[in-house]
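Shown next, in structure tokens, is the structure this report addresses.
The values are calculated or read from the model by the stated rules, or taken from the named source; none is laboratory data. All values reported here derive from a predicted model rather than from experimental measurement. Every residue, glycine among them, receives a Cβ derived from its backbone with ideal geometry; neighbour counts consider all protein chains shown.
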Amino acid sequence: MLFCRKIPTVAPIYISCRLRSPALYRFLTTVINTSASKPFYITTPIFYPNAAPHIGHLYSLVTADIFARFTRISEPGRLVHFLTGTDEHGLKIQKAAKDRGIEPSVLCDALSEQFRRLGARANISNTVFLRTTEARHREAVEHVWRDLAAQDLIYKGTYSGWYSISDECFYTDSQITHPPSSLTPVSIETGSAVEWSSESNYKFRLSSFQKRLLDYYTANPKSIYPSSHREKLIQTLKDEPLDDLSISRPRERLSWGIPVPGDMSHTMYVWFDALTVYLTGVGFPAKQQGSLWPPNIQVIGKDIVRFHALYLPAMLLAMGMPLSHTLLAHAHWTAQQRKMSKSIGNVADPFDAMDTWGVDAVRFYMARVGGRFRDDVDWSPEQLEKHADEIRSLLGNFFLRITSKKMQKRVASAPQLTFVQLLDQSLDGPNGDVLSSLRNLNGKVEQCMEKFEVGDALDAIILVLREANGALTHTAPWSMQNPPEAAQVSYLLSLEVLRVTGICLQPFIPEAAHNLLDALGVPKLERSMDFAVVGKANVGEVKGVKLFEGKREIASGGP
Ligand code: MSP
């Protein structure tokens, strides 16, 4: 049911492509026939290992991880294939290595490892980490090149225009400006310095895909989220001719990259190389790609929409392959309301943040503040602290309150009851409100996630926890003034709130959710979304534990 498992309307487009071989035909029919149970394939951009990872990189990883983990619990048994990695070729890396006086491969080895560590530290559940310097990737890229060349979609031409090493991007005259304060012209869109290039290179006939791309985006409303990116792209495709794309650089200029097959004097353009990584990640060009391809969700930053929404789809259409179901393009994190940059010195370090506040606190903050993807959001240690306190209090402290000795003692003196038996009684007042919100939670979370509204999904969970905390304070079940039966009702209801919200929170704060479900004695097989239903299962033997790493839960407002 989730994430466009239906055949996307691109099917007629690729079926109408020239079917050049029985193997390709078999591949396409496999995709069509098995798309109902197709493994879930999700990707992040692959990161440039020219500098240490920053918060923006962690954001792409956490966003993708939330969807990967959510799919695992909403469709247990469905294979989740999750790719991330490093984008190691190109001028940017060549220059970074030269500036440090080391070989590019040495730089890449060291920094790629930091990205791998970042994923491990942040509990990212990727199943593949791919480096574009791996042999299997080179094989895939060469295969794509040869395929396009065989169809006469690649030709030798000349390029005269601007190039930004920092963006690894070609720009036309109309896309650059000469700021009065600087001697170097810059890209209007990114502000990055550009330099003039006039050279011979190979070009891909991108222009011949303009109509098909326009038709595709017009017919597929879910192809890009948020939809403003799609609307902008449609407008561009209507208004401006799509130029052919330079896909190589002369070797004397760019030596750090994959040589053009059959012409050692040219090196492939880094984006042609990098975009193919999503194919390498499913074993392309071998046959088994059929069941995994295409990606269900590709998480990307807003700055790289063009590459993923035009260049990659054109390459895929050319090869007769289906396009990704959805590009999820997130906005950026700023710091002190400015773009993060090494020269300003405002780059937030994700390792520091996780060491200070804990992994789940950082993930929670990213999803809660950055989970709407539309607007840039500002990274603020004060806000992070505030959100970390919020979840520690609503979940951690709530758990401490109901597992306190005082509460346990009070409950023990009431007649024993299970939550399911409790459901026979009608709950009123704040407890009744909590119960009805809890009943709606599962559906709400699923609906939001289906629509890529991560922030709203998390809001819905937080709202229930807030209500439950409020109800607990209001009924004060630990108080000797209240009958033990009332304590029993609050206790059982609170445990059910923790069981259901704990299941729903797994994609967002995996470690704390895991600690909580363990502490509630919830068996592993009962942690999927279909168990996040009121009364569907009982909690087991409850143990008092610490849910979050780092700071202690705030023990306030309880017994
Ligand atoms: N190597 C290319 C991607 C190739 S994918 C085939 C690249 N790498 S990057 O390291 O510069 O950026 C990787 C991702 O991090 C991009 O999606 C980018 O948008 C994201 N971020 C970089 N800075 C960011 C912020 N300040 N905030 C949020 N995300 C940002 O582009």
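Brief remarks follow.
- Flag for LEU423 being within 37 Å of the chain's Cα centre (by Cα) and outside the structural domain of SER74 (by TED's automatic domain parsing): no
- Test: residue in the stretch 169-187 that is crowded, with 19+ Cβ neighbours inside 10 Å and either within 19 Å of GLY56 (Cα to Cα) or of a type in the set (Lys, Arg) (or both): no
- Counting the residues of the stretch 165-187 that are β-branched (Val, Ile, Thr), at pLDDT 90 or above and over 23 Å from PRO49 (Cβ atoms) gives 2.
- Filtered residues of the stretch 320-355 (kept if more than 14 Å from the ligand (Cβ to nearest atom) and touching a residue at least 12 places away in the same chain (Cβ under 8 Å)): GLY320, MET321, PRO322, LEU323, HIS325, THR326, PHE351, MET354
- Here is the figure for the stretch 72-106: residues that are of a type in the set (Val, Ile, Thr), in a helix (DSSP H, G or I) and either closer than 13 Å to ALA122 by Cα or within 14 Å of the ligand (Cβ to nearest atom) (or both) total 1.
- Candidate set from the stretch 46-71 (those that are in a loop (DSSP other than H, G, I, E, B) and in contact with a strand residue (DSSP E or B) (Cβ under 8 Å, 6 or more places away or on another chain)); member that is nearest to ILE297 (Cα to Cα): ILE46
- Only residues that are over 21 Å from ILE154 (Cα atoms) and within 12 Å of the ligand (Cβ to nearest atom) were counted across the stretch 281-319, and they come to 10.
- Residues being charged (D, E, K, R) and assigned to a helix (DSSP H, G or I) - total across the stretch 365-391: 6
- Only a single item in (1) near the ligand (Cβ under 10 Å from one of its atoms); (2) crowded, with 22+ Cβ neighbours inside 10 Å is not met by ILE66, and it is number (1).
- Across the stretch 319-338, the number of residues qualifying as small (Gly, Ala, Ser) and assigned to a loop (DSSP other than H, G, I, E, B) comes to 3.
Condition check ((1) among the aliphatic types (A, V, I, L, M); (2) surrounded by fewer than 23 Cβ atoms within 10 Å (Cβ to Cβ); (3) in contact with a Cys (Cβ under 6 Å, 6 or more places away or on another chain)) across all residues:
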site	(1), (2), (3)
LEU422	yes, yes, no
GLY443	no, yes, no
GLU446	no, yes, no
ARG466	no, yes, no
ASN482	no, yes, no
ALA486	yes, yes, no
GLN506	no, no, no
ALA519	yes, yes, no
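- Pick from the stretch 45-54, criterion over 20 Å from VAL305 (Cβ atoms) and of a type in the set (A, V, I, L, M, F, W, C), ranking: nearest to the ligand (Cβ to nearest atom): ALA51
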